[in-house]
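The structure appears below as structure tokens.
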Amino acid sequence: MNAIHDPRASRKTRTERPPLKVSFEFFPPKTDAMEERFWDSIGKLAPLQPRFVSVTYGAGGSTRERTLRLVSRIKSESGVDAAAHLTCVGASRAEVDAVVEGYKRAGISRIVALRGDPPEGAGQPFTPHPDGYRSAAELVAGIRRLGDFDLSVAAYPEKHPQSPDWRADIDNLKRKLDAGAARAITQMFFDNDDYFRFVERARKAGINAPIVPGIQPIHSFRQISGFASRCGAAIPAWLAERFEGLEDEPETHALVASAVAAEQVLELVDHGVTEFHFYTLNRANLVLALARLLGVRPD
Ligand code: FAD
């Protein structure tokens, strides 16, 4: 994000403003039907030529093989660059390093490097494997030793739930970037002021790397509020009010969801944001519409 606040930036045409960069996050599908939707969504979003499409790493490394298979196939079949997520949970350094070597052999040069959460859930204390990486910062340093990867790390506009205070949170982000990550991607947030304040804190602490907002379109308010509470992202009262009573009105729910997400991304553009990461939940439609609002469309 640059510091320029131009309330009309979102009203500029594609040729009048700097190109916006987007990336799309997917999760490994569990069933054949889900896999079909996954590839259908990749097929719809790949023509937008995102900077990369990323695939998450299941809790405790449960999707190790699937993540690798999916990112390799995305790259070879869609021609879009793919990033594999990787966590330190329940694995020794040697085991994690072997996964990194596997990515390297498959030609995957982008990794989203994370500590991960214990299998018991995001709110539980993290106990590292006795021979494992103890944090994302250590993981970034470990991956760096193995090759020249483009690394992204996680950032938390509302503070990571386990950070005792803001200072510890921002110091941790700085450690991850100083260890060799190129950018931070944020956890979902719904109040842009949290993001603006976070970026300001990071810049004051000497962090200059891009802090890419992670945008979560609300396909289902009930589902997303569940995710949000598990990962420490607040649902503002005004947002809950907008979706109140829409559980059985899918059409209105979908229209409100696109209006809410549109308002969020356009306000970010007006504040100088030029890079976006979308949590797609393996669905293309809302993200396609948002990309179009950002002037990102197939060439
Ligand atoms: P870290 O940066 O290591 O920090 C975790 C906490 O530990 C922070 O509170 C930090 O302050 C503290 N800490 C770190 N080092 C120290 C230290 N030396 N001393 C004291 N405290 C310390 N999870 C998955 O399982 N799979 C995924 O694919 C996945 N993808 C994600 C993608 C994005 C963009 C984001 C934002 C999150 C993702 N997550 C994923 C969730 C992530 O694993 C959790 O949020 C996890 O709780 C923290 O991971 P981290 O990489 O931020 O950890």
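List of remarks:
- Output for the stretch 21-69, where each listed residue is away from the ligand (no atom under 13 Å from the Cβ), open to solvent by less than 10 Å² (accessible area, probe 1.4 Å) and among the hydroxyl-bearing types (Ser, Thr, Tyr): 41
- Yes/no for residue 120 being acidic (Asp, Glu), more than 10 Å from the ligand (Cβ to nearest atom) and touching a helix residue (DSSP H, G or I) at 6+ places or on another chain (Cβ under 9 Å): no
- Only one of the numbered conditions (1) within 14 Å of the ligand (Cβ to nearest atom); (2) assigned to a helix (DSSP H, G or I) is not met by residue 214, and that is (2).
- Considered as a group, the residues in the stretch 129-138 that are surrounded by 15 or more Cβ atoms within 10 Å (Cβ to Cβ) and more than 23 Å from the chain's Cα centre (by Cα) include one that is farthest from residue 100 (Cα to Cα), and that residue is 129.
- Taking the conditions (1) part of a helix (DSSP H, G or I); (2) within 11 Å of the ligand (Cβ to nearest atom); (3) open to solvent by less than 50 Å² (accessible area, probe 1.4 Å) in turn, residue 141 satisfies each one other than (2).
- Filtering the stretch 144-164 to residues that are farther than 20 Å from residue 60 by Cβ and open to solvent by 70 Å² or more (accessible area, probe 1.4 Å) leaves 144, 145, 148, 164.
- For the stretch 180-198, filtered to residues that are away from the ligand (no atom under 14 Å from the Cβ) and in a helix (DSSP H, G or I), the residue that is least open to solvent (accessible area, probe 1.4 Å) is 192.
- Single unsatisfied condition, residue 13 versus (1) among the polar types (S, T, N, Q); (2) within 16 Å of the ligand (Cβ to nearest atom); (3) closer than 18 Å to residue 291 by Cα: (2)
- Taking the criterion of being more than 10 Å from the ligand (Cβ to nearest atom) and open to solvent by 30 Å² or more (accessible area, probe 1.4 Å), the residues of the stretch 168-178 that qualify are 174, 178.
- Hits in the stretch 70-80 (condition: touching a strand residue (DSSP E or B) at 6+ places or on another chain (Cβ under 7 Å) and open to solvent by 40 Å² or more (accessible area, probe 1.4 Å)): 75
- The lone exception for residue 252 - which of (1) open to solvent by 10 Å² or more (accessible area, probe 1.4 Å); (2) among the β-branched types (Val, Ile, Thr); (3) in contact with a Phe, Trp or Tyr (Cβ under 9 Å, 6 or more places away or on another chain) it fails: (3)
- Looking across the stretch 86-115 at every residue that is open to solvent by 20 Å² or more (accessible area, probe 1.4 Å) and hydrophobic (A, V, I, L, M, F, W, C), the one that is farthest from the ligand (Cβ to nearest atom) is identified as 94.
The rows are residues; the columns are (1) under 19 Å from residue 26 (Cα atoms); (2) in a loop (DSSP other than H, G, I, E, B).
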| position | (1), (2) |
| --- | --- |
| 117 | yes, yes |
| 127 | no, yes |
| 133 | no, yes |
| 151 | yes, no |
| 157 | no, yes |
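- Qualifying residue in the stretch 219-238 (condition: buried (at least 19 other Cβ atoms within 10 Å of the Cβ) and over 25 Å from residue 28 (Cα atoms)): no
The values are calculated or read from the model by the stated rules, or taken from the named source; none is laboratory data. Owing to the predicted nature of the structure, the values given are computational and were not obtained by experimental measurement. Don't worry about glycine lacking a Cβ; one is built from the backbone with ideal geometry, like all the others, and counts go over all protein chains shown. Note: accessible area is taken over every heavy atom of the protein model, side chains too, but ligands, DNA and RNA are not part of it. Shrake-Rupley method; radii C 1.70, N 1.55, O 1.52, S 1.80 Å.
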